[in-house]
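Okay, structure first, notes after.
A short reminder: the numbers here are calculations on the coordinates, not readings from a lab. Keep in mind that what you see is a predicted model, and the values were worked out from it rather than measured. Virtual Cβ from ideal backbone geometry, glycine too; neighbours counted across all protein chains shown.
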C-alpha cells in the first residue's frame with residue numbers, strides 16, 4: 001500500500017460528484033461510503049487532504065481528512081436535475097490553466113492536479129456544444145501542450161456509478177478516442193461500471209493511485 005501512494009502528495013486530489021437526481025438512493029450512498037473511506041486512507045499520505053465538489057451544487061469543501069466530514073457534506077447536498085459534466089470541467093480546467101500560466105510566467109510552479117469525476121450518466125450538454133466534455137478536454141490538452149506543461153500536470157479520471165449502458169459508452173469514447181483522434185496528450189482515464197457489483201473503497205483507492213502512478217511511469221519513460 002505504501003508504494004501505491006508514493007506520489008499522492010505531489011498532486012492535489014479533487015473529487016467531483018454527480019449530484020443529479022438519478023443518483024438518488026443506492027448510487028448516492030455508494031458514492032458517499034466509498035469517498036468517506038477513501039478520504040481517510042488518502043489523508044495518511046497527503047496531509048493536504050482531498051477536495052470534494054459537485055456538478056450542480058456550488059458547495060466546495062477543501063482539505064477533507066475524515067469520514068465524518070464527508071458524511072456531513074453529502075447530507076448538506078440536495079440532488080437536482082442535470083448532469084453538466086462539460087460545464088464543470090470547463091470551469092475547473094480554465095481556472096487551473098490560467099493560474100498555471102500566470103505562475104509559469106513568474107518562474108514558479110503549480111502543484112499537479114488529479115480530477116476524479118464520479119457519474120452515473122451521460123452529460124446534459126449536447127454533442128454539438130462547445131461545452132460537450134470531449135471538446136473541453138481537447139482544448140485543455142492542447143493548451144497544456146502549448147504551455148509545454150509536464151505530461152502529468154493534469155489528470156482526469158471518470159468513474160461510473162451504476163450500470164447505465166449509455167454512460168459506459170460515453171466514458172469509453174473519452175478514454176479510447178480523444179488522444180489519437182485529436183493528436184493530444186493522454187490526460188483521461190475511465191473506469192466503467194462492473195456488472196453485478198457496486199463501487200468499493202478498494203476500487204476507489206485503485207482508481208486514485210493507479211491513474212497517478214501510470215502517468216508518472218509514462219512520464220519517466222519519455223525522459
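Remark: the residue 44-residue 71 segment gains 7.9 nm on full extension, using 0.36 nm per residue and subtracting the alpha carbon distance. Report summary: the helix-based calculation at 222 nm, which adds -39500 (n - 2.57) for every DSSP H run with n ≥ 4 and divides by the residues of the chain, gives -15000 deg cm²/dmol.
Rounded to the nearest 5, what % of DSSP beta bridges with both residues in the chain are antiparallel? Counting DSSP beta bridges with both partners in the chain, the antiparallel share is about 10 percent. Note on the chain: GNM, Cα springs under 10 Å; of 48, 57, 177, the largest mean-square fluctuation is that of 177. A simple spin-label model places pseudo-atoms 7 Å from Cα toward Cβ; at residue 9 and residue 176 they are separated by 4.0 nm. Given the options 185, 197, 32, state which has the largest fluctuation in a GNM of the chain using a 10 Å cut-off (strictly under) for Cα springs. In the Gaussian network model the winner is 197. Springs between alpha-carbon atoms under 10 Å, Gaussian network over the chain: tell me which of 181, 169, 142 tops the mean-square fluctuations. Highest fluctuation of the listed residues: 181. When only Cα pairs below 8 angstrom with a gap of at least 6 residues are kept, the stretch 3-221 shows a relative contact order of 23 percent. The coefficient of translational diffusion for the chain, derived via Stokes-Einstein from the alpha carbon Kirkwood radius under 10 °C and 1.306 mPa s, stands at 90 µm²/s. Here each label is just a point 7 Å from Cα along the line to Cβ, and for residue 106 and residue 166 those points are 4.5 nm apart.
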